[in-house]
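Here the structure is laid out as structure tokens; the discussion comes afterwards.
The values are calculated or read from the model by the stated rules, or taken from the named source; none is laboratory data. Small disclaimer: the values here were computed from a predicted structure and weren't measured. When we count neighbours, we look across all protein chains shown, and the Cβ atoms used for this are built from the backbone with ideal geometry, even at glycine.
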Amino acid sequence: MPEIKPFRAQKRMKELMAGHFRGVDAAAKDPDRKVAWCTSVGPAELLHSFGFEVYYPENHGAMLGATRSAEKYIPLANALGYSPDICSYLTSDIGAFLAGETPLQRAYGLEGVPRPDVLVYNTNQCRDVQDWFSFYGRRFGVPVIGVNSPTGVSEVTRPHVNAMVAQYQALIPTLEEVSGRRFDPDRFREVMGLSAKTSDLWKECLWQASYRPSPLTFFDACILMGPAVVLRGTPEAVAFYEELLAELKERVDGGVAAVEGERYRVYWEGMPVWGKLRDLALFFQELRTAVVVSTYCNSWVFDAFDPADPFESMARAYLELFIVRSDDAKERIMARLIEEFQVDGVVYHDAKTCPHNSNTRYGLPQRLKERTGVPFIVIYGDLNDLRCFSEEQAKTNIEAFVEQLGPGRAAAGG
Amino acid sequence: MAAHVLGLDLGSSWSKAVLLDPDGRVAGRALRRTGIRFEDAARDLRDEVLSAAGVDRVGCTVATGYGRRNVPFADARRTEISCHAKGAYHFFPREMDVVDIGGQDNKIIHVRRDGTVANFLMNRKCAAGTGAFVEEIAHRLDIPLERIEALAEGATREITLSSFCTVFSATEVIKLIREGEEPENLCRGIFNSVIARVVEMGPLGEFIVMSGGVVAAFPIVAKIMAGRTGAAVEVPPDPQFLGAFGAALVAREELGADP
Ligand code: SF4
């Protein structure tokens, strides 16, 4: 029977995540401390520098997906006018809020989501986050601020960067007012240093999967990336990824495979199907196929971060992200990863409610196949809305794809 | 390898069995509604085909189709993609696109010159353009399934239902009826739509092999496909059994691999 090999570091991660949520919760209840809600690739470093506890609604959205409660909440948001066709993180998160429920209750004993003092978005990933945060801004009567990023960027240029730096700097007065603190450039640099370190370590962890057999899979990484998302800019995240990296290197040295008998290596492009993460992980195990690289987990690798020039490098890092880029840039990035990770095939997940993370709709898979010769398959599903996911069809597609990867599998004769 | 082999294709609507004798000739075939228990359907089909052929044991059983994981007595399983490719290649050993129109889904499988699968496409979740779609629209028109092909042959005008969605297509049909469209043209429209849905899935080459229950019941779709694409379109014998036949071919290979 296939099994998922757990990491020792997961124990520490659980404590860290619990500490994070309880910390934000405590801050929300303490009139002297402030909570900022931030988009997953928003200017978290800047917020930390003001002493905000930072909470990430997308992370909460993923929890709703992973606990398969999203389906219960999505219709509540739909009824309020938030369409079933838009981001299902948004609809499940708002729906859960309307129901007065959250998985944080069961997991960490919180009464509800921690109340924000300010909401800060970055539209580098999509417009949905701005609308999402605006809902809460109205509900809580707190400021909603953010930056409007260009998208479809081919090369990140000076004008792009300048425009973003100016917007980040324009956030400062509101952040000063809400936090009651003056902007402290030294502290900002310090936080950037910690975020840069977290990002470097996370990248090194992910890159261990370039070894054969791979010591970790995309599905492991979806779990292990928690601290890279919610704790970047803190020393705890740095310590955690040091520990994880050591464990991964141990696996590599010992030849410990995440997928026993690894035969094929594939790239996962697109969002995870949160409610089916474990199922799919086991399914790929059964097919002896390791998902060694993904766009999604790489989204929290920020190569540009540089404490010496925090505003500029932050602007650059949040613009260089895959999701912000044009298709030609995406193709270059993927082609490089396909080579580095020795990938046999690419699985694209077309997520019904997230066009921004679905790179299947403008002919990219076909062009990339032309360019690399590596075959692909598209599966149709969603990050959270399992009503859009036909498990049987997805699995048949994946299984047939793996059969196709095996040379001669369907060969002549018989 | 002096044994019979069995291929079972547990489809979403119909299940099919093909029994091959030790020389690889078809020794029996069976077909039945899948129903709600794949396991029972598989067992019943096996028993039926074996008893009809007077065979009491098989050397190897390979399961394919949606229910392929629910056949406890199968020795191996393969997806319907691999099995259709293998079955089609047996009859047409050349580069081709296999177009399978089933009860609930459509597939295009591009097979290389050496018989391996180069790539494949399956339709998205909607049933538009599948066998279920044909049934639903015929039902809407209140025309028995057996008659729609004959009616379609007498069409005087080409119409295509343009919706991606079976429910929307049904609404379109109602509108056309209201506008006084001839039943012949509507029936032809059903088949035109089936082919339109397939053609928009992905590129097709110049040699197409069609399989599945829809072409078995309504050979006219092969003609429409040829007209629409300009490709040479072939239909293997018993196209509804092609997946099961392919599975049986896999079973023969598996048996050969056995010590
Ligand atoms: S990128 Fe997609 S999943 Fe993320 S917030 Fe935007 S729409 Fe939702």
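Points worth noting:
- If you filter segment B:117-143 down to residues that are under 22 Å from A:GLU399 (Cβ atoms) and free of Cβ contacts under 8 Å to residues at least 12 places away in the same chain, you find that the one that is farthest from the other protein chains (Cβ to nearest Cβ) is B:ALA118.
- Test result for A:HIS60, modelled with pLDDT of 95 or more and away from the ligand (no atom under 15 Å from the Cβ): no
- When A:TYR121 is tested against (1) within 11 Å of the ligand (Cβ to nearest atom); (2) more than 21 Å from A:TYR296 (Cβ to Cβ), just one condition goes unmet, and that condition is (2).
- Residue match in segment A:405-412 (condition: buried (at least 22 other Cβ atoms within 10 Å of the Cβ), within 14 Å of chain B (Cβ to nearest Cβ) and under 19 Å from A:LEU280 (Cβ atoms)): no
- Selection from segment A:71-118 of residues that are within 11 Å of the ligand (Cβ to nearest atom) and hydroxyl-bearing (Ser, Thr, Tyr): A:SER88, A:TYR89, A:THR91, A:SER92
- Any hit, segment B:25-34, residues being hydroxyl-bearing (Ser, Thr, Tyr), closer than 29 Å to B:ALA128 by Cβ and buried (at least 24 other Cβ atoms within 10 Å of the Cβ): no
- The condition (being over 30 Å from B:ARG113 (Cβ atoms) and touching a residue at least 24 places away in the same chain (Cβ under 8 Å)) is satisfied by just one residue among B:ALA42, B:ALA85, B:ALA76, B:ALA30: B:ALA42.
- Helices (runs of 4 or more DSSP H) contained entirely in segment B:212-259, each with at least 1 residues that are within 13 Å of another protein chain (Cβ to nearest Cβ): B:242-257
- The residues on offer are A:ARG288, A:ARG265, A:ARG278, and the sole one that is surrounded by fewer than 20 Cβ atoms within 10 Å (Cβ to Cβ) and within 22 Å of the chain's Cα centre (by Cα) is A:ARG278.
- Annotation: B:LYS107 fulfils all but one of (1) within 14 Å of another protein chain (Cβ to nearest Cβ); (2) modelled with pLDDT under 95; (3) part of a loop (DSSP other than H, G, I, E, B); the unmet one is (3).
- The single residue among B:ARG94, B:ARG113, B:ARG78 that is more than 8 Å from every other protein chain (Cβ to nearest Cβ) and out of contact with any Asp or Glu (no Cβ under 6 Å at 6 or more places or on another chain) turns out to be B:ARG94.
- Only one of the listed residues (B:ILE137, B:ILE174, B:ILE190, B:ILE148) is part of a helix (DSSP H, G or I), of a type in the set (A, V, I, L, M, F, W, C) and within 28 Å of A:ARG361 (Cα to Cα). That residue is B:ILE190.
- Residues of segment A:124-140 that are free of Cβ contacts under 8 Å to residues at least 24 places away in the same chain and within 13 Å of the ligand (Cβ to nearest atom): A:ARG127, A:GLN130.
- Inter-residue pairs, beta-carbon under 9 Å, first on the phi < 0 side of the Ramachandran plot and in segment A:14-37, second polar (S, T, N, Q) and not in a loop (DSSP other than H, G, I, E, B), 6+ apart: A:LYS34/A:SER179; A:ALA36/A:SER179
- B:GLY180 meets the conditions (1) loosely packed, with under 15 Cβ neighbours inside 10 Å; (2) touching a residue at least 12 places away in the same chain (Cβ under 8 Å); (3) over 19 Å from the mean Cα position of the chain (by Cα) in every case but one. The failed one is (2).
- Number of residues in segment B:109-129 that are over 20 Å from B:VAL250 (Cα atoms), among the hydrophobic types (A, V, I, L, M, F, W, C) and surrounded by 22 or more Cβ atoms within 10 Å (Cβ to Cβ): the value is 3.
- Counting the residues of segment B:161-185 that are of a type in the set (Gly, Ala, Ser) and modelled with pLDDT of 85 or more gives 1.
- Residue check, A:ASP184 at negative phi, charged (D, E, K, R) and either crowded, with 21+ Cβ neighbours inside 10 Å or touching a Ser or Thr at 6+ places or on another chain (Cβ under 8 Å) (or both): yes
- Of all residues in segment A:354-366 being within 16 Å of the ligand (Cβ to nearest atom) and within 14 Å of chain B (Cβ to nearest Cβ), the one that is surrounded by the fewest Cβ atoms within 10 Å (Cβ to Cβ): A:ARG361
- Tally of residues being in contact with a Pro (Cβ under 8 Å, 6 or more places away or on another chain), within 16 Å of the ligand (Cβ to nearest atom) and outside any helix (DSSP H, G or I) across segment A:317-348: 1
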